[in-house]
Amino acid sequence: MQVFKFGGASVKSAEAVSNVKDIIKNCSEQKNLVVVISAMGKTTNLIERIVVDYLRGVDYQEHIDQLRTFHFDIAKGLFNNPSASIFQQIEKLICDLESYLKLRYFSDDELYDQVVCFGELLSTHIVSAYLNQEGVDTQFLDARIYIQTDNNWREGDIDWAWTTKMIQNDVKPMIQDSIVVTQGFIGGTINNKTTTLGREGSDFSAAIFAYCLDAEKVCIWKDVPGIMSSDPRRIDEVTLFKQLPYKYAAELTYYGATVIHPKTIRPLALKNIPLYVNSFLEPDKEGTVIGDFSDYPTTTSVIFKPNQAIIRFEEQDYLNVSKGDLGVVFSECARLNIKINMIKNSALSLSICTNNETSKIDKLKDLFSDKFVVQVTTGLELITFKNYKETTLNELKIDLSDVYMRQFSRDTLQVAVKVEGD
(Lines give C-alpha, C1' and ligand atoms only; values in the text may rest on other atoms or scores of the structure.)
Protein backbone atom coordinates (compact mmCIF):
# COMPACT_ATOMS: atom_id res chain seq x y z
CA MET A 1 0.00 0.00 0.00
CA GLN A 2 1.39 3.40 -1.01
CA VAL A 3 0.60 7.09 -0.61
CA PHE A 4 1.29 9.60 -3.39
CA LYS A 5 1.19 13.34 -2.77
CA PHE A 6 0.95 15.88 -5.59
CA GLY A 7 1.54 19.55 -4.81
CA GLY A 8 0.00 22.62 -6.38
CA ALA A 9 2.58 22.88 -9.17
CA SER A 10 1.81 19.33 -10.32
CA VAL A 11 -1.90 20.16 -10.91
CA LYS A 12 -1.65 23.80 -12.00
CA SER A 13 -3.04 23.20 -15.51
CA ALA A 14 -4.93 20.65 -17.61
CA GLU A 15 -1.63 19.38 -19.02
CA ALA A 16 -0.23 18.99 -15.51
CA VAL A 17 -3.27 17.03 -14.32
CA SER A 18 -2.95 14.75 -17.37
CA ASN A 19 0.68 14.15 -16.38
CA VAL A 20 -0.46 13.19 -12.87
CA LYS A 21 -2.80 10.65 -14.44
CA ASP A 22 0.10 9.15 -16.42
CA ILE A 23 2.27 8.89 -13.28
CA ILE A 24 -0.52 7.13 -11.37
CA LYS A 25 -1.10 4.71 -14.24
CA ASN A 26 2.59 3.93 -14.67
CA CYS A 27 3.67 3.84 -11.04
CA SER A 28 0.83 1.97 -9.38
CA GLU A 29 -1.42 -1.04 -9.76
CA GLN A 30 -4.37 1.38 -9.68
CA LYS A 31 -5.38 0.10 -6.26
CA ASN A 32 -3.90 0.05 -2.76
CA LEU A 33 -3.06 3.70 -3.30
CA VAL A 34 -4.08 6.93 -1.57
CA VAL A 35 -3.50 10.06 -3.66
CA VAL A 36 -3.26 13.32 -1.70
CA ILE A 37 -3.79 16.47 -3.76
CA SER A 38 -3.01 20.10 -2.94
CA ALA A 39 -4.87 23.14 -4.22
CA MET A 40 -4.12 23.87 -7.88
CA GLY A 41 -1.28 26.26 -8.63
CA LYS A 42 -1.45 29.36 -6.42
CA THR A 43 -5.11 28.88 -5.48
CA THR A 44 -4.45 29.05 -1.72
CA ASN A 45 -2.80 32.45 -2.12
CA LEU A 46 -5.82 33.65 -4.09
CA ILE A 47 -8.32 32.45 -1.48
CA GLU A 48 -6.21 34.04 1.26
CA ARG A 49 -6.56 37.36 -0.58
CA ILE A 50 -10.33 36.81 -0.69
CA VAL A 51 -10.38 36.28 3.09
CA VAL A 52 -8.21 39.36 3.73
CA ASP A 53 -10.37 41.56 1.50
CA TYR A 54 -13.55 40.27 3.16
CA LEU A 55 -12.20 41.04 6.64
CA ARG A 56 -11.17 44.52 5.52
CA GLY A 57 -14.54 45.19 3.97
CA VAL A 58 -12.99 45.44 0.51
CA ASP A 59 -14.75 44.12 -2.61
CA TYR A 60 -13.37 40.64 -3.35
CA GLN A 61 -15.59 39.70 -6.30
CA GLU A 62 -12.74 40.03 -8.79
CA HIS A 63 -10.81 37.33 -6.92
CA ILE A 64 -13.89 35.07 -6.85
CA ASP A 65 -14.16 35.49 -10.62
CA GLN A 66 -10.47 34.60 -11.01
CA LEU A 67 -10.99 31.49 -8.89
CA ARG A 68 -13.99 30.40 -10.98
CA THR A 69 -12.31 31.07 -14.34
CA PHE A 70 -9.07 29.31 -13.35
CA HIS A 71 -10.79 26.07 -12.37
CA PHE A 72 -13.30 26.12 -15.21
CA ASP A 73 -10.47 26.57 -17.72
CA ILE A 74 -8.62 23.56 -16.32
CA ALA A 75 -11.79 21.47 -16.40
CA LYS A 76 -12.51 22.51 -19.99
CA GLY A 77 -9.08 21.21 -20.97
CA LEU A 78 -9.70 17.84 -19.29
CA PHE A 79 -13.30 16.80 -19.85
CA ASN A 80 -14.65 15.67 -23.23
CA ASN A 81 -18.27 16.40 -22.33
CA PRO A 82 -18.98 20.16 -21.88
CA SER A 83 -22.04 19.27 -19.77
CA ALA A 84 -20.14 16.92 -17.45
CA SER A 85 -21.26 17.13 -13.83
CA ILE A 86 -17.85 18.43 -12.72
CA PHE A 87 -18.73 21.90 -14.04
CA GLN A 88 -21.80 22.05 -11.79
CA GLN A 89 -19.67 20.76 -8.91
CA ILE A 90 -17.11 23.55 -9.39
CA GLU A 91 -19.84 26.19 -9.42
CA LYS A 92 -21.45 24.73 -6.30
CA LEU A 93 -18.16 24.73 -4.39
CA ILE A 94 -17.48 28.36 -5.27
CA CYS A 95 -21.01 29.34 -4.21
CA ASP A 96 -20.45 27.44 -0.95
CA LEU A 97 -17.20 29.35 -0.43
CA GLU A 98 -19.05 32.67 -0.80
CA SER A 99 -21.71 31.48 1.66
CA TYR A 100 -19.10 30.50 4.26
CA LEU A 101 -17.61 33.99 4.10
CA LYS A 102 -20.86 35.44 5.43
CA LEU A 103 -21.31 33.14 8.42
CA ARG A 104 -20.49 34.23 11.96
CA TYR A 105 -17.20 33.01 13.44
CA PHE A 106 -15.49 33.46 16.79
CA SER A 107 -12.18 34.50 15.22
CA ASP A 108 -10.57 35.46 11.92
CA ASP A 109 -8.48 32.28 12.08
CA GLU A 110 -11.63 30.15 12.31
CA LEU A 111 -13.03 31.94 9.26
CA TYR A 112 -9.75 31.32 7.42
CA ASP A 113 -9.94 27.56 7.94
CA GLN A 114 -13.59 27.29 6.85
CA VAL A 115 -12.87 29.13 3.58
CA VAL A 116 -9.31 28.32 2.49
CA CYS A 117 -10.11 24.58 2.38
CA PHE A 118 -12.06 25.11 -0.85
CA GLY A 119 -8.83 25.14 -2.83
CA GLU A 120 -8.23 21.49 -1.97
CA LEU A 121 -11.89 20.56 -2.41
CA LEU A 122 -11.92 22.03 -5.93
CA SER A 123 -8.69 20.31 -6.97
CA THR A 124 -9.62 16.86 -5.65
CA HIS A 125 -13.08 16.91 -7.22
CA ILE A 126 -11.53 17.76 -10.60
CA VAL A 127 -8.69 15.23 -10.38
CA SER A 128 -10.94 12.41 -9.13
CA ALA A 129 -13.53 13.00 -11.85
CA TYR A 130 -10.84 13.19 -14.53
CA LEU A 131 -9.18 9.94 -13.42
CA ASN A 132 -12.54 8.17 -13.57
CA GLN A 133 -13.13 9.53 -17.06
CA GLU A 134 -9.73 8.17 -18.13
CA GLY A 135 -10.45 4.69 -16.85
CA VAL A 136 -8.66 4.95 -13.50
CA ASP A 137 -11.19 3.82 -10.89
CA THR A 138 -11.12 6.25 -7.96
CA GLN A 139 -13.13 7.06 -4.88
CA PHE A 140 -13.36 10.63 -3.59
CA LEU A 141 -12.62 10.99 0.13
CA ASP A 142 -13.26 14.05 2.28
CA ALA A 143 -10.18 14.28 4.51
CA ARG A 144 -12.05 16.48 7.00
CA ILE A 145 -14.05 13.45 8.14
CA TYR A 146 -11.01 11.24 8.73
CA ILE A 147 -8.17 13.52 9.88
CA GLN A 148 -9.58 14.56 13.24
CA THR A 149 -8.05 17.54 15.04
CA ASP A 150 -8.72 19.96 17.87
CA ASN A 151 -9.93 23.48 17.11
CA ASN A 152 -6.47 25.05 16.99
CA TRP A 153 -7.32 27.02 13.86
CA ARG A 154 -4.67 27.24 11.12
CA GLU A 155 -2.57 24.49 12.72
CA GLY A 156 -4.82 21.79 14.09
CA ASP A 157 -3.32 19.17 16.39
CA ILE A 158 -4.10 15.61 15.32
CA ASP A 159 -6.14 13.23 17.44
CA TRP A 160 -4.03 10.25 16.39
CA ALA A 161 -6.06 7.52 18.09
CA TRP A 162 -9.38 8.61 16.58
CA THR A 163 -7.86 9.41 13.17
CA THR A 164 -6.17 6.01 12.99
CA LYS A 165 -9.38 4.22 13.94
CA MET A 166 -11.43 6.08 11.32
CA ILE A 167 -8.91 5.55 8.51
CA GLN A 168 -8.35 1.89 9.38
CA ASN A 169 -12.09 1.17 9.47
CA ASP A 170 -13.16 3.00 6.33
CA VAL A 171 -10.22 3.77 4.05
CA LYS A 172 -8.44 0.42 4.27
CA PRO A 173 -11.35 -1.45 2.61
CA MET A 174 -11.71 1.26 -0.05
CA ILE A 175 -8.18 0.90 -1.40
CA GLN A 176 -8.51 -2.85 -1.94
CA ASP A 177 -10.28 -2.29 -5.25
CA SER A 178 -9.62 1.30 -6.29
CA ILE A 179 -7.56 4.44 -5.74
CA VAL A 180 -8.63 6.91 -3.07
CA VAL A 181 -8.25 10.61 -3.92
CA THR A 182 -8.27 13.01 -1.00
CA GLN A 183 -7.15 16.46 0.12
CA GLY A 184 -3.95 17.59 1.71
CA PHE A 185 -3.66 20.40 4.28
CA ILE A 186 -7.12 20.02 5.85
CA GLY A 187 -8.76 18.15 8.70
CA GLY A 188 -11.88 18.48 10.81
CA THR A 189 -13.11 18.79 14.38
CA ILE A 190 -15.56 16.55 16.16
CA ASN A 191 -18.31 19.14 15.56
CA ASN A 192 -17.69 19.20 11.78
CA LYS A 193 -15.66 22.40 11.55
CA THR A 194 -12.79 22.49 9.07
CA THR A 195 -9.23 22.93 10.32
CA THR A 196 -5.99 23.38 8.43
CA LEU A 197 -2.72 21.67 9.35
CA GLY A 198 -0.30 24.54 8.75
CA ARG A 199 0.67 26.25 5.50
CA GLU A 200 1.99 23.78 2.88
CA GLY A 201 0.70 20.96 5.11
CA SER A 202 -0.24 18.49 2.36
CA ASP A 203 2.99 16.54 2.90
CA PHE A 204 1.92 16.06 6.51
CA SER A 205 -1.48 14.80 5.33
CA ALA A 206 0.25 12.15 3.23
CA ALA A 207 2.30 11.09 6.25
CA ILE A 208 -0.86 10.85 8.39
CA PHE A 209 -2.57 8.50 5.93
CA ALA A 210 0.63 6.45 5.58
CA TYR A 211 1.01 6.12 9.35
CA CYS A 212 -2.61 5.08 9.87
CA LEU A 213 -2.55 2.58 6.99
CA ASP A 214 0.95 1.16 7.68
CA ALA A 215 1.97 2.11 4.16
CA GLU A 216 4.88 0.55 2.32
CA LYS A 217 6.11 3.99 1.26
CA VAL A 218 5.16 7.61 0.62
CA CYS A 219 6.12 9.41 -2.58
CA ILE A 220 5.99 13.19 -2.79
CA TRP A 221 6.01 14.44 -6.39
CA LYS A 222 7.68 17.84 -6.75
CA ASP A 223 8.94 20.14 -9.51
CA VAL A 224 12.53 19.50 -8.34
CA PRO A 225 14.63 16.35 -8.87
CA GLY A 226 14.76 15.60 -5.13
CA ILE A 227 16.28 17.16 -2.03
CA MET A 228 19.34 19.24 -2.82
CA SER A 229 22.01 20.68 -0.57
CA SER A 230 20.77 24.19 -1.31
CA ASP A 231 18.71 26.33 -3.64
CA PRO A 232 20.47 26.22 -7.04
CA ARG A 233 19.18 29.74 -7.70
CA ARG A 234 21.30 30.99 -4.78
CA ILE A 235 24.27 28.59 -4.69
CA ASP A 236 26.35 27.75 -7.77
CA GLU A 237 27.24 24.17 -6.85
CA VAL A 238 24.59 21.98 -5.24
CA THR A 239 24.38 18.27 -4.52
CA LEU A 240 21.34 16.03 -4.99
CA PHE A 241 21.03 13.78 -1.96
CA LYS A 242 20.25 10.21 -3.00
CA GLN A 243 19.34 9.22 0.53
CA LEU A 244 18.97 10.96 3.88
CA PRO A 245 18.42 9.70 7.43
CA TYR A 246 15.15 10.73 9.06
CA LYS A 247 16.94 12.86 11.65
CA TYR A 248 18.98 14.79 9.11
CA ALA A 249 15.91 15.46 6.97
CA ALA A 250 14.03 16.61 10.07
CA GLU A 251 16.82 19.07 10.84
CA LEU A 252 16.72 20.49 7.32
CA THR A 253 12.96 21.05 7.51
CA TYR A 254 13.28 22.63 10.96
CA TYR A 255 15.84 25.10 9.62
CA GLY A 256 13.52 26.06 6.77
CA ALA A 257 14.06 23.68 3.85
CA THR A 258 10.77 23.94 1.96
CA VAL A 259 10.84 20.71 -0.04
CA ILE A 260 9.09 18.86 2.80
CA HIS A 261 6.72 20.14 5.50
CA PRO A 262 8.42 20.00 8.95
CA LYS A 263 5.78 17.72 10.52
CA THR A 264 6.06 15.07 7.82
CA ILE A 265 9.06 13.12 9.08
CA ARG A 266 7.98 12.06 12.59
CA PRO A 267 4.97 9.82 11.81
CA LEU A 268 6.92 8.10 9.04
CA ALA A 269 10.00 7.56 11.20
CA LEU A 270 7.90 6.07 14.00
CA LYS A 271 6.83 3.26 11.65
CA ASN A 272 9.96 3.20 9.50
CA ILE A 273 8.05 4.16 6.35
CA PRO A 274 10.44 5.47 3.66
CA LEU A 275 9.69 8.82 2.05
CA TYR A 276 10.57 9.29 -1.62
CA VAL A 277 10.90 12.75 -3.17
CA ASN A 278 10.67 12.56 -6.95
CA SER A 279 10.14 14.92 -9.87
CA PHE A 280 6.79 14.84 -11.64
CA LEU A 281 8.61 16.44 -14.59
CA GLU A 282 10.98 13.45 -14.86
CA PRO A 283 9.16 10.63 -13.05
CA ASP A 284 11.52 7.92 -14.30
CA LYS A 285 14.58 9.50 -12.67
CA GLU A 286 15.80 8.54 -9.23
CA GLY A 287 15.17 11.21 -6.61
CA THR A 288 15.80 11.23 -2.86
CA VAL A 289 14.73 8.63 -0.33
CA ILE A 290 14.49 9.44 3.38
CA GLY A 291 14.67 6.49 5.71
CA ASP A 292 16.39 4.69 8.55
CA PHE A 293 19.91 5.25 7.28
CA SER A 294 23.00 5.50 9.47
CA ASP A 295 25.29 7.53 7.20
CA TYR A 296 24.95 11.28 7.63
CA PRO A 297 25.90 13.58 4.74
CA THR A 298 29.06 15.62 5.05
CA THR A 299 28.12 17.98 2.21
CA THR A 300 27.41 21.55 3.29
CA SER A 301 23.70 22.33 3.20
CA VAL A 302 22.57 25.96 3.02
CA ILE A 303 18.96 26.72 3.92
CA PHE A 304 17.37 30.12 3.35
CA LYS A 305 14.41 31.13 5.51
CA PRO A 306 12.95 34.46 4.31
CA ASN A 307 10.60 36.96 5.97
CA GLN A 308 12.15 36.86 9.43
CA ALA A 309 12.00 39.28 12.35
CA ILE A 310 14.14 39.73 15.45
CA ILE A 311 12.30 40.65 18.65
CA ARG A 312 14.58 42.06 21.36
CA PHE A 313 13.39 42.23 24.98
CA GLU A 314 15.60 44.52 27.09
CA GLU A 315 15.17 44.75 30.84
CA GLN A 316 14.35 48.21 32.16
CA ASP A 317 16.57 49.92 34.76
CA TYR A 318 19.56 47.69 33.98
CA LEU A 319 18.12 44.64 35.68
CA ASN A 320 19.43 41.23 34.68
CA VAL A 321 17.23 38.93 32.63
CA SER A 322 15.98 36.26 35.03
CA LYS A 323 15.01 32.66 34.37
CA GLY A 324 11.44 33.60 35.23
CA ASP A 325 11.41 36.32 32.59
CA LEU A 326 12.71 33.89 29.98
CA GLY A 327 10.09 31.33 30.91
CA VAL A 328 7.22 33.81 30.61
CA VAL A 329 8.40 35.01 27.18
CA PHE A 330 8.73 31.47 25.88
CA SER A 331 5.38 30.49 27.35
CA GLU A 332 3.61 33.37 25.60
CA CYS A 333 5.39 32.60 22.33
CA ALA A 334 4.05 29.05 22.56
CA ARG A 335 0.54 30.28 23.35
CA LEU A 336 0.56 32.64 20.35
CA ASN A 337 2.09 29.92 18.15
CA ILE A 338 5.17 32.05 17.48
CA LYS A 339 7.91 29.75 16.20
CA ILE A 340 11.32 30.58 17.61
CA ASN A 341 13.98 29.92 14.99
CA MET A 342 17.00 31.26 16.92
CA ILE A 343 17.65 32.57 20.44
CA LYS A 344 20.33 34.79 21.91
CA ASN A 345 20.41 36.19 25.44
CA SER A 346 22.73 38.39 27.46
CA ALA A 347 22.69 39.81 30.98
CA LEU A 348 20.26 42.58 30.01
CA SER A 349 18.36 41.30 27.00
CA LEU A 350 16.78 38.38 25.18
CA SER A 351 16.53 38.27 21.38
CA ILE A 352 14.52 35.79 19.35
CA CYS A 353 14.41 35.32 15.59
CA THR A 354 10.99 34.29 14.35
CA ASN A 355 8.74 34.29 11.30
CA ASN A 356 7.55 37.83 10.59
CA GLU A 357 3.86 37.41 11.44
CA THR A 358 2.83 40.97 12.26
CA SER A 359 -0.38 40.30 14.20
CA LYS A 360 1.28 37.77 16.51
CA ILE A 361 4.33 39.97 17.10
CA ASP A 362 2.12 42.96 17.91
CA LYS A 363 0.25 40.90 20.51
CA LEU A 364 3.57 39.82 22.06
CA LYS A 365 4.79 43.43 22.19
CA ASP A 366 1.60 44.55 23.92
CA LEU A 367 1.94 41.82 26.54
CA PHE A 368 5.47 42.83 27.58
CA SER A 369 5.61 46.57 26.85
CA ASP A 370 5.26 47.42 30.57
CA LYS A 371 8.11 45.10 31.61
CA PHE A 372 10.62 45.29 28.76
CA VAL A 373 11.81 47.72 26.14
CA VAL A 374 10.71 45.73 23.09
CA GLN A 375 12.33 46.36 19.70
CA VAL A 376 11.41 44.60 16.44
CA THR A 377 13.65 44.43 13.38
CA THR A 378 12.07 43.14 10.17
CA GLY A 379 13.18 42.56 6.58
CA LEU A 380 15.56 39.77 7.57
CA GLU A 381 16.52 36.39 6.17
CA LEU A 382 17.77 33.51 8.30
CA ILE A 383 20.53 31.49 6.62
CA THR A 384 21.55 28.15 8.13
CA PHE A 385 24.77 26.36 7.19
CA LYS A 386 24.67 22.67 8.08
CA ASN A 387 28.16 21.12 7.91
CA TYR A 388 29.45 24.68 7.85
CA LYS A 389 32.45 25.62 5.71
CA GLU A 390 33.89 29.12 5.36
CA THR A 391 34.11 28.74 1.59
CA THR A 392 30.31 28.62 1.34
CA LEU A 393 29.98 31.71 3.51
CA ASN A 394 32.44 33.54 1.27
CA GLU A 395 30.52 32.48 -1.83
CA LEU A 396 27.45 34.27 -0.48
CA LYS A 397 29.61 37.34 0.31
CA ILE A 398 28.37 37.56 3.89
CA ASP A 399 30.45 39.59 6.33
CA LEU A 400 29.83 38.18 9.80
CA SER A 401 30.43 41.61 11.33
CA ASP A 402 27.33 42.92 9.51
CA VAL A 403 24.79 40.29 10.57
CA TYR A 404 21.99 41.17 12.99
CA MET A 405 22.17 37.91 14.91
CA ARG A 406 24.26 34.76 14.66
CA GLN A 407 24.69 31.45 16.42
CA PHE A 408 27.32 28.76 15.98
CA SER A 409 27.11 25.26 17.44
CA ARG A 410 29.29 22.32 16.46
CA ASP A 411 28.84 22.03 12.68
CA THR A 412 25.92 24.47 12.25
CA LEU A 413 26.06 28.23 11.74
CA GLN A 414 22.97 30.45 11.63
CA VAL A 415 22.98 34.12 10.65
CA ALA A 416 20.14 36.61 10.36
CA VAL A 417 20.93 39.17 7.67
CA LYS A 418 19.13 42.17 6.24
CA VAL A 419 17.57 41.59 2.84
CA GLU A 420 18.57 44.16 0.27
CA GLY A 421 15.78 46.60 -0.49
CA ASP A 422 13.97 46.07 2.85
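Of the residues Val289, Val328, the single one that is surrounded by 12 or more Cβ atoms within 10 Å (Cβ to Cβ), modelled with pLDDT under 95 and aliphatic (A, V, I, L, M) is Val328. Scan the stretch 132-145 and tell me whether some residue there is in contact (Cβ under 8 Å) with a residue 12 or more places away in the chain and under 14 Å from Ile74 (Cβ atoms). Checked the stretch 132-145: at least one residue is in contact (Cβ under 8 Å) with a residue 12 or more places away in the chain and under 14 Å from Ile74 (Cβ atoms).
When Asp108 is tested against (1) under 30 Å from Leu336 (Cβ atoms); (2) free of Cβ contacts under 8 Å to residues at least 40 places away in the same chain; (3) open to solvent by 40 Å² or more (accessible area, probe 1.4 Å), just one condition goes unmet, and that condition is (2).
For every residue, the table says whether it meets (1) in contact with a Cys (Cβ under 7 Å, 6 or more places away or on another chain); (2) more than 18 Å from Pro267 (Cβ to Cβ).
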site	(1), (2)
Leu131	no, yes
Ile145	no, yes
Arg154	no, yes
Ile158	no, no
Ala161	no, no
Thr164	yes, no
Ile167	yes, no
Asn191	no, yes
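Exactly one residue out of Leu275, Leu213, Leu270 is over 20 Å from Gly184 (Cα atoms) and not charged (D, E, K, R): that is Leu270.
Test Gln66 against the criterion of being over 21 Å from Phe204 (Cα atoms), open to solvent by 50 Å² or more (accessible area, probe 1.4 Å) and either touching a Lys or Arg at 6+ places or on another chain (Cβ under 8 Å) or in contact (Cβ under 8 Å) with a residue 40 or more places away in the chain (or both), and give yes or no. So Gln66 fails the test.
Among the criteria (1) closer than 22 Å to Thr69 by Cα; (2) in contact (Cβ under 8 Å) with a residue 60 or more places away in the chain; (3) open to solvent by less than 10 Å² (accessible area, probe 1.4 Å); (4) over 20 Å from the mean Cα position of the chain (by Cα), the one Gly119 does not fulfil is (4). Quick check on the stretch 315-323. Is at least one of its residues farther than 25 Å from Pro232 by Cβ, at pLDDT below 90, open to solvent by less than 40 Å² (accessible area, probe 1.4 Å) and in a strand (DSSP E or B)? Yes, the conditions are met somewhere in the stretch 315-323.
Those helices (runs of 4 or more DSSP H) of the stretch 91-152 in which at least 3 residues are at negative phi and hydroxyl-bearing (Ser, Thr, Tyr), considering only elements entirely within it, cover 118-133. Restrict the check to the stretch 215-222 and report whether at least one residue is open to solvent by 40 Å² or more (accessible area, probe 1.4 Å), of a type outside the set (Phe, Trp, Tyr), touching a residue at least 40 places away in the same chain (Cβ under 8 Å) and part of a helix (DSSP H, G or I). No; the residues of the stretch 215-222 include none that is open to solvent by 40 Å² or more (accessible area, probe 1.4 Å), of a type outside the set (Phe, Trp, Tyr), touching a residue at least 40 places away in the same chain (Cβ under 8 Å) and part of a helix (DSSP H, G or I).
Quick grid of which residues meet (1) open to solvent by less than 10 Å² (accessible area, probe 1.4 Å); (2) closer than 22 Å to Gln414 by Cα; (3) at pLDDT 95 or above:
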position: Ser205; (1), (2), (3): yes, no, yes
position: Asp231; (1), (2), (3): no, yes, no
position: Tyr254; (1), (2), (3): no, yes, no
position: Tyr276; (1), (2), (3): no, no, yes
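The values are calculated or read from the model by the stated rules, or taken from the named source; none is laboratory data. Source: prediction; values computed, not measured. Quick reminder, even Gly has a Cβ in these numbers, built from the backbone with ideal geometry, and neighbours come from all protein chains shown. When the accessible area is computed, the model is the full protein with side chains, heavy atoms only, and any ligands, DNA or RNA have been set aside. Shrake-Rupley method; radii C 1.70, N 1.55, O 1.52, S 1.80 Å.
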